[in-house]
Structures are given as structure tokens and as C-alpha cells.
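Shown next, in C-alpha cells, is the structure this report addresses.
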């Protein structure tokens, strides 16, 4: 299935997907936002008064859960999200998700969209467009903005070297897909625009090698020639280790340095996730993903990385922080033995405390004044258990493995209910107040005592 292949291509290491974002934008009805060079003045001229909140949104359910599996299916008792609740091919699913997201203070979804790839028998752009029709038919869509989240790596990902080489064929494919998105979605009244430009999120751009500038500039020129506005591209560039844009055969596969040649091609950059569960500590802070987050240096390390990327471009390209409620892909790919990142910040804390602390300790202090956007991963990705949509369940630490904890690693799952929705709504209000007072980014107060790790 489409999602299975994608998630198997390292939804966390070579990235992960499904997230919630916070975008500084105009009123909820306009969906306009700040962006790019001169974003602060643009924000004022566009009448931006507060951040917006959005969420990465997936159109692959229930097929992806059937084919890929999830932690929730392995719990005792089993708690796989009911298919009738999450069916992406039903308008009522979108209607309910929009209503719940509205309660959480979320104003737009970044909707996952896959390039056509005949090399595997997964859901391609045709089925993605079919599910989009159901989403767009939701009667409450006027309460929500949306942007497209493009699976760039599916143009031709080389898993051995974690790279997506740019070739003439890939450039033509990308041009064609951008034109399709423009024709089908950019003119929708609910489509998210920044400075009058349609927003497109690009997944795993940090694996692109070769003539990335030619690919991006070519797409901009192609759309303009066809009568469409220049998209506001947000690249997935920020991570502990990325693929060098120019990758020599005998050189290291990864680098910890921001790739400015790629970054300069985007209007803003972000991370899909900063979870790092690989065992090689030389490539990233592996200890941050082991144990309860509040016992690690995760918040300080993530703030450092975001600052590193911001300084690399002298603040010319906005850097958008990302938070998530936790991470657990053990029900999907147990063989990789990625450590679970629990939803509890400390032992005994509530089921949304990790999301709460990351918003307070990372998102607000690192909010980029040029483009105050925070991404939170995710609304409905249950393969990696980053979803925050309300689903039924019962709290448990047990699973159906022989040890009883191979999937949960002894952490509690189930029974979160509306906890994340309520927590996000509360923290968005806090974010709004900080934004109104100018207490964001470098002007933010020092993180409180609860943000001081070990």
C-alpha cells in the first residue's frame, strides 16, 4: 500500500509523516499568512493578528492500518482505531475531523499527496484525488484552510544512500504534479495562501541531490507560464543528519550541516519530525528518544538545532519548529527496534503532557518572528502513533507480545480521548498571548523550570 511503502522508507530517520502545525496567519476566515523575505512587513500588510494552527492530514485510512499495522492493534485489549471512524473515503470523516480540529484551535490541514509511481502497487495520485473529493465535500470546510503536502521522495528515492536524485525526468514529473495541484486545488476558497501565494509543503527535501535549484525554479517558471501564482514552498530540511546535496561516491552518506544550496530554494523550512531513534549517536541525539522525554535533553537539543538552521541562513529563510505527542512505530516495524517516545513527559504525567511540554518548551521559545509557524506531528498517523485525533480506548501498558511489553515498552497507551485536543487548544491560547506580547523567538522569556531537563 502507498502508506506502507512510504513509512517503511523511514518515516522518522529519513523522516516520518503526519503532523500538526501552527502558522502565523491572518484571521481564520482569510487564511493569509506571513512569509519569505520581508515576512514581518507582509504580516502587517496582510492584517495578520495571531498564529494559525494546522495539522498534517492523511488520506490513507483504513487501508494503511490494514496493510501496515499499528501499536494500537497490539494493545491488550486491542484498540485499533475503528475503521468507520477514520475512513478517508467518507465525507463524514472529514466533517468530524474538521469539527474536532476546530475545537483544538487548528485552522488548516496540510494534506498528504503522493506522486504517481508505477513501480509499486500502492495508492497513487488518482486515489489521493478521489479521497480529496470527499474531504472537499465536507459541509464545514469553510471553517478550515488546507494546503497540499507533497511526497517529494516518491519521485525516486534511493534507500541505500537515503537520497532522491534530481534528473530531467524527475523535474518534468515534479512540474506536472505541481500543475495538477494548481488546477485542482489552488483556487479553492479554503486553500491556504501566504502573501497571496498557494502554500505547498514538500516532504523529505533533505534527501534531494543534484540540481535542486533547477527543479524548484523550473516548477515556479512552469506554473507562471500556465497562469498560476508562484507557490510558497516549505521544505522538509531540518534534521540531525541530512543528505549532502552534492554526494560523492566515497563521501559520507550523511552530514550534520545545513545544506544552504537546497535551503535557499524554499520560502521556509521545517522538520517533519525531530524524533531520532537510530542507534548511531554520532548522527543525532539518540538518548533523547530513550526514556521519558522529561528525563532527557530533548527540548534543549531541539532548540539548539532550530537555532543552528536559522543562523545558517542569517535568518533569511524562516525556520518552523515542530512538536509531536510522542512516537511509537513498534507495531508497524518492530524489527527496527526504534525506542518508543511516550506521550507522558514524566512517569505519572497525563497522556498529553509530552505534547504540552514541547509546545511550551520548544515551539513558543523558537517561534520564528518572520513566519511564526509551528508544526505538530500529527492528526491521524497511527502507524507511528503520532495522531492526536480523538479515538476510543482503555489505558494499558500491556500488549500481545510474549513479554507483554515488546510494543509498549512499558509505557501507557489508550484512553487519551480528547486530551490532546484540549491540551492543544489551551497551548494555542498561550501561543496567541505570547505572540501578541512579542514574547516569541529571541524575545521569549527563558523556558520555565518544567523545561529544564536532567
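See the values below:
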read-out	value
Residues of the range 162-180 classified as touching a residue at least 60 places away in the same chain (Cβ under 8 Å) and either surrounded by fewer than 16 Cβ atoms within 10 Å (Cβ to Cβ) or more than 27 Å from residue 241 (Cβ to Cβ) (or both), total	1
Scan of the range 293-305 for residues that are in contact with a strand residue (DSSP E or B) (Cβ under 9 Å, 6 or more places away or on another chain) and either under 13 Å from residue 238 (Cα atoms) or surrounded by fewer than 24 Cβ atoms within 10 Å (Cβ to Cβ) (or both), ordered by number	302
Qualifying residue in the range 365-373 (condition: modelled with pLDDT of 95 or more and out of contact with any helix residue (DSSP H, G or I) (no Cβ under 9 Å at 6 or more places or on another chain))	no
Selection within the range 259-286 - touching a strand residue (DSSP E or B) at 6+ places or on another chain (Cβ under 9 Å) and within 23 Å of residue 358 (Cα to Cα)	268, 269, 270, 271, 272, 273, 274, 275, 277
Residues (within 28 Å of residue 243 (Cα to Cα) and either free of Cβ contacts under 8 Å to residues at least 40 places away in the same chain or touching a helix residue (DSSP H, G or I) at 6+ places or on another chain (Cβ under 9 Å) (or both)) located in the range 181-206	198, 200, 202, 203, 204, 205, 206
So residue 282, is it assigned to a helix (DSSP H, G or I), out of contact with any helix residue (DSSP H, G or I) (no Cβ under 9 Å at 6 or more places or on another chain) and farther than 30 Å from residue 184 by Cα	yes
Residue that is surrounded by the fewest Cβ atoms within 10 Å (Cβ to Cβ) [pool: residues in the range 76-91 that are assigned to a helix (DSSP H, G or I) and free of Cβ contacts under 8 Å to residues at least 40 places away in the same chain]	84
Residue match in the range 328-346 (condition: within 30 Å of residue 436 (Cα to Cα), modelled with pLDDT under 95 and buried (at least 24 other Cβ atoms within 10 Å of the Cβ))	no
Per-region count, the range 221-238, residues part of a loop (DSSP other than H, G, I, E, B) and touching a residue at least 40 places away in the same chain (Cβ under 8 Å)	6
Meets criteria (surrounded by 19 or more Cβ atoms within 10 Å (Cβ to Cβ) and more than 23 Å from the chain's Cα centre (by Cα)) for residue 223	yes
Residue match in the range 192-203 (condition: under 21 Å from residue 271 (Cβ atoms), within 23 Å of the chain's Cα centre (by Cα), at pLDDT 95 or above and not in a strand (DSSP E or B))	yes
Identity of the residue in the range 139-173, in a loop (DSSP other than H, G, I, E, B) and more than 22 Å from the chain's Cα centre (by Cα), that ends up nearest to residue 106 (Cα to Cα)	140
Single residue of 250, 315, 311 found to be on the phi > 0 side of the Ramachandran plot and surrounded by fewer than 19 Cβ atoms within 10 Å (Cβ to Cβ)	315
Single condition residue 369 does not satisfy, out of (1) part of a helix (DSSP H, G or I); (2) in contact (Cβ under 8 Å) with a residue 60 or more places away in the chain	(1)
Test: residue in the range 254-272 that is part of a loop (DSSP other than H, G, I, E, B), under 18 Å from the mean Cα position of the chain (by Cα) and surrounded by 24 or more Cβ atoms within 10 Å (Cβ to Cβ)	yes
Residue, modelled with the lowest pLDDT, within the range 117-138, restricted to residues that are crowded, with 16+ Cβ neighbours inside 10 Å and part of a loop (DSSP other than H, G, I, E, B)	122
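Every residue, every condition in (1) under 18 Å from residue 324 (Cα atoms); (2) modelled with pLDDT of 95 or more; (3) within 22 Å of the chain's Cα centre (by Cα); (4) assigned to a loop (DSSP other than H, G, I, E, B), yes or no:
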site: 408; (1), (2), (3), (4): yes, yes, no, yes
site: 411; (1), (2), (3), (4): yes, yes, no, yes
site: 426; (1), (2), (3), (4): yes, yes, yes, no
site: 450; (1), (2), (3), (4): yes, no, no, no
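The values are calculated or read from the model by the stated rules, or taken from the named source; none is laboratory data. Values in this document were obtained by computation on a predicted structure and should not be read as measured data. All Cβ positions, even for glycine, are placed from backbone atoms using ideal geometry, and neighbour counts span all protein chains on display.
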